[in-house]
1. What three numbers, in Å, describe the spread of the alpha carbons of the chain along their principal axes, ordered from the longest?
2. Nearest 10 degrees, 0 to 90: what angle lies between the long axis of helix 224-234 and the longest principal axis of the chain (Cα atoms)?
3. What share of all Cα pairs of segment 204-303, in percent, falls into each consecutive 5 Å distance bin?
4. Using the Kirkwood radius built from alpha carbon pairs, what does the Stokes-Einstein equation give as D for segment 36-180 at 37 °C and 0.692 mPa s, in µm² per second?
5. How long is the gain from Asp122 to Asp90 if the chain were fully straight, where each residue apart is worth 0.36 nm and the alpha carbon distance is subtracted?
6. Normalising by the residue count of the chain, find the relative contact order in percent from Cα pairs under 8 Å and 6+ residues apart.
7. Starting from the Cα coordinates of segment 127-279, work out the convex hull volume and express it per residue in Å³.
8. Using Cα-Cα distances under 8 Å and only pairs 6 or more residues apart, what relative contact order does segment 116-182 have, in percent?
Amino acid sequence: MSGPARRVLVCGAQGFIGRHIVQALQAAGFTVRAGVRERSQATLPDGTEPCLMDFSRDTRPEPWHARVADCEAVINAVGVLREGGGQAMDAIHHTVPAALFSACANTGVRRVLQVSALMPPDSRTRYAQSKRQAEASLLSLRAEGRLEACVLRPSVVFGEGGASTALFRRLARLPLLPWPAQAVSPQIQPVCVEDLAAACVRLLQATERPPATLDAVGPERFTLPDFIARLRRAAGLPPARLLVLPSALGTASARLGDLCPRQPWGSETLALLGADNIADVAPLQAVLGRPPRSVFDGPDSGAPA
């Protein structure tokens with residue numbers, strides 16, 4: 001890519017991360033083609049070009065050709081933590097993105113960014129496996145020289161409008177925090193959603209080939225109970241009592257959560273929380289040209305509202 005991409009297709013533009021990416025791209029002067037679902041009621045920022053797509057059905061490259069043909073770059077920020085409402089995780093995370101990536105290679109779109117997730121390499125969750133399959137599809141096209149691709153792997157993404165942010169803030173309101181034993185010690189390294197969006201912009205603006213992967217993490221590491229306690233302190237609340245649940249009870253509560261797919265708690269969530277989610281901050285700092293911000297800095301740092 002000889003210069004900055006001017007028209008960018010953002011898949012998942014109405015989601016938490018996608019909305020922030022759209023805003024950052026527009027602020028940097030890009031034209032945004034925003035991927036939207038049919039019958040979606042969510043609004044898009046002024047100046048975006050809506051583009052209908054379906055990440056549960058568009059599993060062949062052909063439907064994507066017209067969507068990407070006059071774009072200089074594509075960012076895929078589509079993802080789900082739980083299945084439900086006809087959403088199949090393998091299609092959303094793997095087969096549809098693979099078709100999108102192939103369409104980019106077929107039509108000459110060079111730069112493609114895939115917003116994935118920082119996951120333990122041995123995770124056997126469907127979430128991790130489907131995300132890894134999409135990464136493999138994209139990096140294979142990069143290895144063949146057909147795309148300038150980068151997989152961004154954020155830790156917990158924190159910011160206004162995020163489902164995990166809202167969950168952590170609700171937990172921080174509890175004077176007694178019940179917490180499964182298997183998720184007490186593992187650490188997270190939360191990253192501000194604005195920094196993740198800024199990294200996407202910088203990767204599109206760069207004239208050099210982007211890195212194959214970029215771990216996107218903030219400057220601080222926390223165990224989850226410590227992170228929730230820090231949110232509670234930021235809200236001016238007294239310390240809560242931590243009630244560590246036996247592993248069997250934590251597993252049982254997650255299985256009950258499996259029966260309610262519209263909320264984030266379930267067996268896959270517990271498995272993901274049961275392993276460290278941390279990485280070296282230096283690569284993200286190099287892309288941003290500055291240190292990433294703490295999630296406790298700025299307007300969205302306060303906990304419960």
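1. 56, 39, 37
2. Taking the Cα atoms of the chain, the angle to 224-234 is about 80 degrees.
3. 2, 10, 13, 15, 17, 17, 12, 8, 4, 2, 0
4. Diffusion coefficient, whole number: 195 µm²/s.
5. 9.7 nm
6. Values: 610 pairs, mean separation 57.5, N = 305.
That works out to 19 percent.
7. Values: hull volume 19.4 nm³, N = 153.
Dividing the Cα hull volume of segment 127-279 by its residues yields 127 Å³.
8. 29
Every number in this text was worked out from the coordinates using simple rules, so none of it is lab data. All figures in this text were calculated on a predicted structure; none of them were measured in a lab. Because the Cβ atoms are built from the backbone with ideal geometry, glycine has one as well, and the counts that use them run over all protein chains shown.
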